[in-house]
Amino acid sequence: MACTDSSTTATPAPSLPRLERHGSASRLLVDGRPFLVRGGEIGNSSGEPGYLAEHWDTFEALQMNTVVAPVYWDQVEPVEGSFAWSMVDGLIDQARARGMHLVLLWFGSWKNSMSCYAPAWVKTDPERFPRSRDAHGRALEILTPFSEENRDADARAFAALLRHLAEVDVDHTVILVQVENEIGMIPEARDRCAAAERAYGEPVPPELIAHLQENGGTLTPELRIRWQDAGGRVAGSWPEVFGPGVWTDELFMAWHFARYVQHVAAAGKAELDLPMYTNAALPRPATLPGQYPAAGPLPHLIDIWQVAAPSLSFISPDIYFPDFVQWADRYTRPDNPLFVPEALRSIEAAENAFYAYGSCSAIGFSPFGIETIEEAPATMLAGAYDVVAQLSPLISEHTGHPTMAGLVKPVEDQRFPHRVTLGDLALNVTYERMAAPALADGVINESGDRPRDETRLPAGGIVIRTGADELVFGGIGLVVTFGPSPASEDTIGILSCEEGHFVDGVWQHIRWLNGDQTHQGRHLRLEPGRFTIQRIRLYRYR
């Protein structure tokens with residue numbers, strides 16, 4: 001009888017990264033386990049391994065687990081049909097050596113609207129690879145999405161990239177792929193090349209019409225209003241169905257950009273079925289399409305993008321504006337998990353990360369230009385990411401459920417405590433963004449007096465309700481008092497409060513905080529200037 005040597009038994013290959021529904025949200029699974037991307041996106045010209053090698057110590061110090069890095073079409077296919085993978089392989093090797101993951105950004109036909117990363121053999125052959133044109137007929141530095149030659153060349157290169165990943169990245173160091181980068185039409189809302197002009201007068205695609213008819217109650221308000229104000233027609237050209245004007249120009253371009261991306265993404269997924277997304281450059285207030293990169297995967301266009309590009313798992317915002325909360329909320333939907341591939345690398349990044357993970361059940365957050373982050377934001381981001389790393393099992397467990405919230409000051413001039421409800425429990429949150437003077441432990445400086453040279457600190461956190469009267473807080477600069485729902489006559493008291501940390505999901509006690517640190521049972525306080533995790537038990541009395 002043959003003898004089996006167990007030492008030669010093959011190790012099962014890691015499962016593909018994927019998204020799964022959990023509650024009202026989605027989780028990213030990496031090798032079958034929930035995974036939160038604590039990311040940082042490197043600069044657009046920093047993706048070469050020789051340049052990046054010296055920065056991995058920085059990434060580790062920031063408590064990152066993922067690097068978001070570009071792949072350049074002009075470098076991987078310098079000659080049509082001939083591919084060079086040393087740059088991609090170098091990124092994978094470096095990330096794998098540090099135990100980190102990668103999100104790859106495909107800089108293909110478009111990067112920040114322009115076609116600057118198209119190969120020379122594309123750029124120099126405008127007859128075969130035509131450009132978009134403005135209203136005066138002038139060619140733009142933008143490949144037109146109305147060309148099958150443009151689309152198919154991009155799709156072939158992207159498919160080759162995913163095929164290469166399937167061969168060399170067997171342990172799935174790469175967990176997500178972004179298709180193109182900040183697509184958008186600028187400085188006008190609509191491409192005016194001959195093919196685009198013909199398409200503008202053609203019937204609106206029947207699958208979009210069907211979506212309008214079947215989902216009238218859930219369409220974004222902007223799309224629903226434009227359709228209804230134009231008469232709610234179920235056939236006709238773009239200006240006939242949506243009315244003439246710059247907003248219809250944007251809808252039209254969004255459809256054709258998204259169909260192009262769908263073709264590229266589907267070609268890649270046929271080689272390796274990784275989750276894929278496309279990101280958007282957000283508009284400033286009171287700007288019109290064309291004044292911002294029009295027609296990208298913006299929240300008011302999500303219906304268009306979802307119908308036209310079903311191979312994308314989600315669309316994402318690059319959030320550089322101060323109203324982070326509002327933009328994050330607009331991208332957070334049951335059918336669109338939040339992933340922020342680019343954010344401002346500032347002191348506020350720590351606060352914004354807490355909001356993304358805690359209130360939006362985000363699958364990831366990633367400040368931009370991470371290799372050049374300055375000392376103060378780096379210290380704060382590392383502290384926030386350390387808290388998120390410790391809380392990750394709890395965050396994943398409570399994803400998509402009303403038992404978790406991100407705590408961020410809702411407006412700058414917040415004169416009253418920020419009221420947050422978790423079921424029948426009310427939290428009244430005050431944010432301390434500067435270190436208090438040397439007073440008794442736990443006492444808030446209500447006068448507001450500060451040393452003139454004091455540096456502003458972040459204030460924010462995550463709260464998770466782990467039981468009827470038990471909560472876990474992680475963050476910095478928070479003071480929280482507790483109350484019952486309005487229908488209850490109970491008073492909420494603090495039974496116990498302790499500082500600690502999580503090791504592999506298991507709570508490790510450090511010290512009790514039942515005296516000065518809780519102001520003799522009046523509040524929970526995560527002091528400014530120091531990231532901490534506290535577990536609090538409450539009780540009720542009359």
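All other residues with a Cβ under 14 Å from the Cβ of Tyr200 taken together, and with Lys, Arg as +1 and Asp, Glu as -1, what is their net charge?
Neighbourhood net charge equals -3.
Looking at the chain only, what percent of DSSP beta bridges run antiparallel? Nearest 5 please.
Rounded to the nearest five, the antiparallel share is 65 percent.
Would you mind computing Rg(Cα) / (2.2 N^0.38 Å) for the chain, counting N as its residues?
Ratio of Cα Rg to 2.2 N^0.38 Å: 1.06.
Give me the dipole magnitude in Debye, nearest 20, for region 220-352 about the Cα centre, with unit charges on the beta carbon: positive for Lys and Arg, negative for Asp and Glu.
The dipole magnitude comes to about 240 debye.
With the convex hull built on the Cα atoms of region 474-542, state its orientation-averaged projected area in nm².
Mean projected area of the Cα convex hull: 5.3 nm².
Among Ala95, Val76, Gln63, pick out the residue whose Cα is farthest towards the positive end of the charge dipole of region 51-111, where Lys and Arg carry +1 and Asp and Glu carry -1 on C-beta, about the Cα centre.
Value computed over the given set: Gln63.
Please report the spacing between the Cα centers of region 137-187 and region 459-515 in Å, no decimals.
46
Note down the nm distance, to one decimal, between modelled labels 7 Å out along Cα→Cβ at Ala487 and at Thr124.
7.4
Count the net charge of all other residues whose Cβ sits under 9 Å from the Cβ of Ala294, scoring Lys and Arg as +1 and Asp and Glu as -1.
-2
Would you mind computing, in nm to one decimal, how far apart the modelled labels at Leu288 and Ala13 are, each placed 7 Å from Cα along Cα→Cβ?
Those two pseudo-labels are separated by 5.3 nm.
Could you tally the net charge around Tyr539, taking each other residue with its Cβ under 13 Å from the Cβ of Tyr539, Lys/Arg +1 and Asp/Glu -1?
Combined, the nearby Lys, Arg, Asp and Glu give 0.
About its Cα centre, how strong a charge dipole does region 39-99 have in debye, to the nearest 20, once Lys and Arg get +1 and Asp and Glu get -1 at the Cβ?
200
For region 89-142, count the residues as N, evaluate 2.2 N^0.38 Å, and divide the Cα radius of gyration by that value, please.
So region 89-142 has a normalised radius of gyration of 1.67.
Helix-derived [θ] at 222 nm for the chain: sum -39500 (n - 2.57) over DSSP H runs of at least 4, divide by residue count, nearest 500?
Dividing the helical sum by the residues of the chain leaves -8500 deg cm²/dmol.
Which three lengths, in whole Å and largest first, does region 1-158 cover when its Cα atoms are put on their principal axes?
In descending order, the Cα extents are 76, 46, 41 Å.
Please give the peptides 504-512, 145-153, 462-470 ranked by average Cβ packing (other Cβ atoms within 10 Å per residue), highest first, as a rough proxy for protection.
145-153, 462-470, 504-512
Work out how much length Glu148 to Leu495 would gain on full extension: take 0.36 nm times their residue separation and subtract the Cα-Cα distance, in nm to one decimal.
The Glu148-Leu495 span can extend by a further 118.2 nm.
Expected output is a single nm value to one decimal: the length gained when fully extending between Ala166 and Tyr541, i.e. 0.36 nm times separation in residues minus the C-alpha distance. What is it?
Gain on extension, Ala166 to Tyr541, equals 129.0 nm.
Figure the gain on full extension for Thr220 and Ala270 (residue separation times 0.36 nm, minus the Cα-Cα span) and round it to one decimal in nm.
My answer for the length gained is 14.9 nm.
Which lysines, on any chain, are close to Lys111 with Cα under 30 Å apart, when same-chain ones fewer than 8 places away are left out?
Straight-distance partners of Lys111: Lys123, Lys269.
Work out the charge dipole of the chain with +1 on the Cβ of Lys and Arg and -1 on the Cβ of Asp and Glu about the Cα centre, then indicate which of Gly39, Ser313, Tyr431 is farthest towards its positive end.
Final value for the positive-end residue is Tyr431.
Read the figures in this text as sums done on the coordinates, not as results from a lab. In this text the structure is predicted, and so the values were computed from the model without any measurement. Every residue, glycine as well, gets a Cβ built from its backbone with ideal geometry; the counts of neighbours run over all protein chains shown.
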